[in-house]
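Peer 1: The structure that follows is given in the form of structure tokens.
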């Protein structure tokens, strides 16, 4: 694969993740993705012959992997460090975008696909959330938290963080995120 071809494909995936984070699943079209990626529409379909659902699925998977890789690095220092970094990542995302963008994975998860093919993206979102929970639960277990409690706490962390992202976008304020983060930090073992 040539560098140019690879670059085009990556730009399309990145543009899709950004559009999902800003506008959601149903407001993201192949045409606007191609424009944002500065890629010809035909080239976009060349790289993603299955169309919107293929590129959305790949964008969700890619965005989730970026967070997972970052989280894995931070969790090496313990669950507390991983949680602080996970929260800091989303807090920074909200502030940098002035609350006009959130989590692309959440965006796919909360909108019902317009067609049956959209379930691929929803499945990808579920896999990403499961991965983040597994990573957090594993770190908690490594610190001595019982497996069932670790799994529950990991689910609470992901659900509360994603919910706080939605609240902050609606309220155009970081206050709900900061209150949620403070509560989550208190739940972790010292």
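Peer 1: Could you please find all residues in the range 18-29 being in a helix (DSSP H, G or I) and surrounded by 19 or more Cβ atoms within 10 Å (Cβ to Cβ)?
Peer 2: 18, 19, 20, 21
Peer 1: Cβ-Cβ below 6 Å, separation at least six or inter-chain, first residue in the range 139-162 and farther than 23 Å from residue 91 by Cβ, second exposed (fewer than 13 other Cβ atoms within 10 Å of the Cβ): which pairs?
Peer 2: 141/147
Here, each number is a calculation from the coordinates, and none is a lab measurement. Since we're looking at a predicted model, the values are computed, not measured. Counting neighbours? That spans all protein chains shown, and the Cβs are built from the backbone with ideal geometry, glycine included.
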